[in-house]
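Following this message is one structure expressed as structure tokens.
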Amino acid sequence: MVSSATDVRPTRSEAPEYGVRPLVRVRDLTIRYDDEPALANVTFDIHEHEIFGIIGPAGSGKTSFLRALNRMDEFTPAMEFDGRIEFDGHDVRHMRNLYALRRRIGVVFPLPVGLPMTVYDNVALSPRLSGVRKKAELDEIVERCLTRAALWDEVKDRLHALGSLLSGGQQQRLTIARALSQEPDLLLLDEFSIAVDPVTTMRIEDVLKELRDELTIVLVTNLVQQARRLADRTAFFLMGECVEVAETEALFTGEVREQRTRDYVEGRFG
Amino acid sequence: MTSDVAPRTSPLSDLDRRDAAWYWDKLAQVLILVAGLSGIVAVIGIFVFITKEGFGFISESLIPAEFFGSIAWRPTSETRPTYGILALAAGTASVTGLAMLIAVPFSLGAAIYIGEFAEGKTREALKVLVELLAAIPSVVWGFIGMTILNPLIIDVFDVPVGLSVLNAGVILGLMAAPIMTTIAEDALKAVPDGYREAAEAMGATRWQVIFQVVLPAAKKGLVAAVLLGVGRGFGETMAVLMASGHAINLPTSPFDSVRAITATIAAELGETAHGSEHYKALFTLGILLFAVTFVINLTADIVVRGRSRKKR
Ligand SMILES: Nc1ncnc2c1ncn2[C@@H]1O[C@H](COP(=O)(O)OP(=O)(O)O)[C@@H](O)[C@H]1O
Ligand SMILES: [Mg+2]
């Protein structure tokens, strides 16, 4: 575990702690849709090699946060954001090559999106887009990514079947393999288990625990217990507000600043 | 079989009473069946009629070597009528081929622009415009070919005649493009946005998304659009009759006048005696068109299906 106890609270200090390099820094982030705020004044850091959980009820701005992070706001004309998001020290708003930013950030959507091509092509797409042509090299990438996503054994005999014919749980692991094929520094998962059976969910959770050694993960989840199982630190979003950011265990053992957090974590809400 | 559980409601409950909705549903089913069958019957009827009219020619007068191998289509010759379709077939093929060369890139480009790039009012305006273009009657296109394109070709290329493969191909291409655009655009619209978003999220550029994800996903619809265009080109009569020069010719350059199979039928059928050899020969041309269209559709079907079956 990399996160340190000194960074339990949202901090405005820009000085990086020793040994805890922030990969993403969020400062006073406000997201609006047609001037209607969806997320207001959020400030926190996401450290390298941590799993950063985000919990909160539907409509709290969790997905909007992820979309701002890899600049998917480009595709939603109504969406705009103020404040600053830094990825690896660069302001995402003033990057000159957004495609390069997105290549370094893998995304897994709530409903698995198996692209309408073979299993192999799904995983090989991103390397191909960045210019990998050699078959041996692609073969190696496809096998490695599918293995890391715990899917290789199930699909190694049907690599050339359509990806969309896999089961929902397999397709979600396929999208994880596809995200890994980008060799991302950051992996964003948006409620990945919403359409996945409990057994597959557990397998994916194991995969994520292993991936922590290689990359940084932001795990948006509507399952509070999933955040507890996986996340090093967790942020609680509520109705467009980031109520608090804390060591995950602290949230669950009651060391919270806000009563609202305790109520949500303990399932006593509304 | 009797049940141990006594029904809670009386025997004549909702479960056994057929209500208005039930009868409407049955009625609708019957109507749909009748409509569907009448379509099939009409196609078979047309096929039988054409075959019956043309069959006498095929069995009695047709000489395969002459029919397929000769360019001499002289049905009205007093001394010795000949029925060679080579030039007519070449006319139809060259005009349709050129039309597709023009219409395919045009319509796919337009569909991609309208479907993937244009937004809001521009997009709506373009769609209305394309639909308006699709509604222009073919005789108007033929008229444009004769009065605008004809002198233009003569001036620009310094050739003696402007009614040619080039003229008819351009006219037919422009004519087929709008309907192909509409169908291709529908095919692009049917590609779920989730595919685009997933590809964009992995850092694909706009063009990569379109070429690597959207177009392959819309492949079937795009093939359908192109084939519809080919069918349109093959079957189009009036515009081709007016713009092609209607001269029997084996074309060696785009500036040669040609004559199409459809145009031949349209121009000559009114002047033949019912049941004469010439009359039957024209119906044989009809059978040929019917067969070619059928083969095109069948091939398309096999190509589109065969692909997806293999991938399964
Ligand atoms: N494309 C959009 N256009 C307008 N409003 C949106 C759009 N997407 C999200 N919102 C609004 O932003 C708020 C936050 O949504 P979202 O980020 O999806 O929340 P969450 O992922 O936590 O459920 C909601 O009130 C939602 O209605
Ligand atoms: Mg969401």
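The values are calculated or read from the model by the stated rules, or taken from the named source; none is laboratory data. Predicted model only: the values in this text are computed from it and were never measured. Cβ placement follows ideal geometry from the backbone for every residue including glycine, while neighbour counts extend to all protein chains displayed. Note: areas computed on protein heavy atoms with side chains; ligands, DNA, RNA excluded. Shrake-Rupley method; radii C 1.70, N 1.55, O 1.52, S 1.80 Å.
For segment A:47-90, enumerate the residues that are more than 12 Å from ligand 1 (Cβ to nearest atom), open to solvent by 30 Å² or more (accessible area, probe 1.4 Å) and farther than 25 Å from A:E249 by Cβ.
A:E74, A:D82, A:G83, A:R84, A:D88, A:G89, A:H90, listed by residue number.
Only one of (1) within 13 Å of chain B (Cβ to nearest Cβ); (2) away from ligand 1 (no atom under 16 Å from the Cβ); (3) open to solvent by 40 Å² or more (accessible area, probe 1.4 Å); (4) part of a loop (DSSP other than H, G, I, E, B) is not met by A:G114, so which one is it?
(3)
Can you tell me which residue within segment B:189-211, out of those that are more than 9 Å from every other protein chain (Cβ to nearest Cβ) and of a type in the set (A, V, I, L, M), is farthest from B:E116 (Cα to Cα)?
Within segment B:189-211, the match that is farthest from B:E116 (Cα to Cα) is B:A190.
Condition first: over 25 Å from B:A99 (Cβ atoms) and more than 8 Å from every other protein chain (Cβ to nearest Cβ). Now tell me which residues in segment B:212-236 satisfy that. Can you show your working first?
Within segment B:212-236, the first condition is being over 25 Å from B:A99 (Cβ atoms), and the residues that meet it are B:212-214, B:216-217.
Selection gives B:V214 alone.
Follow-up question, since we're still on this one. Using the structure shown, decide if A:L98 is free of Cβ contacts under 8 Å to residues at least 40 places away in the same chain and more than 10 Å from chain B (Cβ to nearest Cβ).
It is false that A:L98 is free of Cβ contacts under 8 Å to residues at least 40 places away in the same chain and more than 10 Å from chain B (Cβ to nearest Cβ).
For segment A:101-111, which positions are touching a Ser or Thr at 6+ places or on another chain (Cβ under 9 Å), in a helix (DSSP H, G or I) and more than 7 Å from chain B (Cβ to nearest Cβ)?
Those that are touching a Ser or Thr at 6+ places or on another chain (Cβ under 9 Å), in a helix (DSSP H, G or I) and more than 7 Å from chain B (Cβ to nearest Cβ): none in segment A:101-111.
Tell me yes or no: at least one residue of segment B:69-83 is without any contact (Cβ under 8 Å) to a residue 12 or more places away in the chain and aliphatic (A, V, I, L, M).
No, segment B:69-83 contains no residue that is without any contact (Cβ under 8 Å) to a residue 12 or more places away in the chain and aliphatic (A, V, I, L, M).
While we're here: Only one of (1) away from ligand 1 (no atom under 16 Å from the Cβ); (2) surrounded by fewer than 18 Cβ atoms within 10 Å (Cβ to Cβ); (3) farther than 27 Å from A:D121 by Cβ is not met by A:G168, so which one is it?
It fails just one condition, (3).
Which residue is nearest to the chain's Cα centre (by Cα), if the candidates are limited to segment B:228-246 and must be of a type in the set (A, V, I, L, M) and open to solvent by less than 40 Å² (accessible area, probe 1.4 Å)? Walk me through it before giving the result.
Here is the first cut: in segment B:228-246, the residues of a type in the set (A, V, I, L, M) are B:228, B:230, B:238-243.
Narrowing further to those that are open to solvent by less than 40 Å² (accessible area, probe 1.4 Å): B:230, B:239-240, B:242-243.
Details: B:V230: 5, B:A239: 15, B:V240: 15, B:M242: 19, B:A243: 19 Å.
Step by step, filter segment B:228-246, then rank; the result is B:V230.
Scan A:L159, A:L151, A:L188 and give me the residue that is more than 14 Å from every other protein chain (Cβ to nearest Cβ) and either under 18 Å from B:G203 (Cβ atoms) or touching a residue at least 24 places away in the same chain (Cβ under 8 Å) (or both).
It is A:L151.
Also: Considering segment A:117-139 alone, what residues qualify as being at the interface with chain B (Cβ under 7 Å from one of its Cβ atoms) and in a loop (DSSP other than H, G, I, E, B)?
A:M117, the sole residue that qualifies.
With the requirement that a residue be open to solvent by less than 50 Å² (accessible area, probe 1.4 Å) and closer than 20 Å to B:I46 by Cα, what does segment B:247-267 give you?
Scanning segment B:247-267 gives B:I261, B:T262, B:A263, B:T264, B:I265.
So that you can scan it fast, the table gives a plain yes or no per residue for (1) among the charged types (D, E, K, R); (2) farther than 18 Å from A:R148 by Cα; (3) open to solvent by 10 Å² or more (accessible area, probe 1.4 Å):
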{"position": "A:L189", "(1), (2), (3)": "no, no, no"}
{"position": "A:L215", "(1), (2), (3)": "no, no, no"}
{"position": "A:F237", "(1), (2), (3)": "no, yes, no"}
{"position": "A:E266", "(1), (2), (3)": "yes, yes, yes"}
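Ok, one more. Taking segment B:143-200, which residues are open to solvent by 60 Å² or more (accessible area, probe 1.4 Å) and assigned to a helix (DSSP H, G or I)?
Scanning segment B:143-200 gives B:F143, B:M146, B:T147, B:I148, B:L152, B:D155, B:V156, B:F157, B:L174, B:D186, B:K189, B:D193.
Check whether at least one residue in segment B:94-104 is open to solvent by less than 30 Å² (accessible area, probe 1.4 Å) and assigned to a loop (DSSP other than H, G, I, E, B), and report yes or no.
No, every residue in segment B:94-104 fails to be open to solvent by less than 30 Å² (accessible area, probe 1.4 Å) and assigned to a loop (DSSP other than H, G, I, E, B).
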